[in-house]
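K.L.:
Once you've had a glance at the structure underneath, I'll fire off some questions.
The values are calculated or read from the model by the stated rules, or taken from the named source; none is laboratory data. Everything numeric here is computed off the predicted structure, so don't read it as measured data. Please note: Cβ atoms are built from the backbone with ideal geometry, for glycine as well, and neighbour counts cover all protein chains shown. Keep in mind that these areas ignore ligands, DNA and RNA; they rest on the heavy atoms of the full protein, side chains included. Shrake-Rupley method; radii C 1.70, N 1.55, O 1.52, S 1.80 Å.
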Amino acid sequence: WLKLLGARNHCRLGAMQRFAQHASLKTLSGPWQCVLGGLPSIAVGSVRTKKWKPFHSMYRANRLREIRQKEAEDAQVAAAEAEATADARIVARKADEPRVGTTPFQAARLMRAFDVLPEEDALVTFQTRLNVDLTRESVRGTCNLPHGLSTKMRVLAFCPDDQIEEMIEAGADVAGITEPLRRIGQGWMGFDRCLATPSIMPQVMKVAKVLGPRKMMPNPKSGTVVPNLKVAIKEAKSGSLLEYRAEGEGDLKATIGNAEFSDAKILENLKFFVQTLLRARPRSSTPGSETGTSKQPPGTPLIGGQGGSGGSEVKENYFREAHVRLGTRGPPIRIDPESMMPASAGYFR
């Protein structure tokens, strides 16, 4: 019986080898050859290779994907840091390079002189660095410039649904509470400024996670939570309402005009904005505060106005540096902080 069984298996093995050669399959050799379901088996080594090879290639692909993602993240972080450094620092200079400061009047004329390639709808931006500690106090608010910008601002007014027609007549582009909240929750952001009343704010808090990261959430400090929506809408649509906020190390940036403004209008807006910042300065930077008196040299009179200008030094030191710029191509023109004070003659010569 053993001989008959061996001859039978030998015949089957010959047929299987011929089928394997025809199908270009790798069969087992020696005693490991067997029959499973009438089909030839694959070598143990090739089976292990095919089992483990996908894992090796998967690990390599995942590793390459992680490397590419890290390189992309590093590039984004480097670009963000470079942009923040360019906006925060007025001009990158060497240690031995002199710093030239101009008066606001001279800066306005130099800004026009360097406008060789005029840009369409170029804006005049004012940037300064304040001597404040933003970890303890904040510098934030709104003001109405004497000469407003002719910009097209889309205003969203959060109000009860029965007041939609009144707000639309007052100048709002979108008004209401039910429909705007639903559209904002779906990702709609077709507005530039949000206004709301204190009574409607509990319902607006439903979309705080959407508006908050974009810095569009209504806030009393920014002047967007007001009792009279109609007046706020008219001010926002006129373009005279300017919202400012200090960030980082006290850096503050605001738009005070455009290329169509005359130098006189730009200087009036700049002077008004500087006065607003001085009124809104924190207590730690006000004259006569503990922080201000502790930094004064010995022998300084405690009562302001005696033996020197102790209060004026604090005011002048409130602005560390400042500059104006026309458009994105023009160079930043540095302004001397002392000549930028409202009582200075730097606005006229």
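K.L.:
Cβ-Cβ under 7 Å, sequence separation 6+ or interchain: first residue in segment 257-268 and over 19 Å from M340 (Cβ atoms), partner open to solvent by 30 Å² or more (accessible area, probe 1.4 Å). Which pairs?
P.N.:
Here the result reads N258/D121; N258/L123; A259/P118, each pair linking segment 257-268 to a residue that is open to solvent by 30 Å² or more (accessible area, probe 1.4 Å).
K.L.:
Now a separate question. Considering only residues that are under 18 Å from M167 (Cα atoms) and open to solvent by 20 Å² or more (accessible area, probe 1.4 Å), which ones fall in segment 177-192?
P.N.:
T178, E179, L181, G190, D192
K.L.:
Can you name every residue in segment 193-213 that is over 23 Å from the mean Cα position of the chain (by Cα) and either within 14 Å of A157 (Cα to Cα) or open to solvent by less than 30 Å² (accessible area, probe 1.4 Å) (or both)?
P.N.:
Correct list: A196, T197, P198, S199, I200, M201, Q203.
K.L.:
Mind checking which residues of segment 124-137 are of a type outside the set (D, E, K, R) and open to solvent by less than 70 Å² (accessible area, probe 1.4 Å)?
P.N.:
Result: V124, T125, F126, Q127, T128, L130, N131, V132, L134.
K.L.:
Okay, moving on. Answer yes or no as to whether L242 is within 30 Å of S344 (Cα to Cα) and modelled with pLDDT of 85 or more.
P.N.:
The answer is no for L242.
K.L.:
Report those helices (runs of 4 or more DSSP H) wholly inside segment 176-247 carrying at least 2 residues which are within 25 Å of V132 (Cβ to Cβ) and not basic (K, R).
P.N.:
Counting at least 2 such residues, we get no helices (runs of 4 or more DSSP H) at all.
K.L.:
A further question on this structure: Condition check: exposed (fewer than 15 other Cβ atoms within 10 Å of the Cβ) and farther than 18 Å from A246 by Cα. Does V116 satisfy that?
P.N.:
Yes, satisfied.
K.L.:
So, one more: Looking only at segment 75-105, filter to residues that are modelled with pLDDT of 75 or more and under 21 Å from N317 (Cα atoms); which one of those is least open to solvent (accessible area, probe 1.4 Å)?
P.N.:
P104
K.L.:
Pick out the one residue from A108, A172, A157 that is in a loop (DSSP other than H, G, I, E, B), open to solvent by less than 30 Å² (accessible area, probe 1.4 Å) and touching a residue at least 60 places away in the same chain (Cβ under 8 Å).
P.N.:
The match here is A172.
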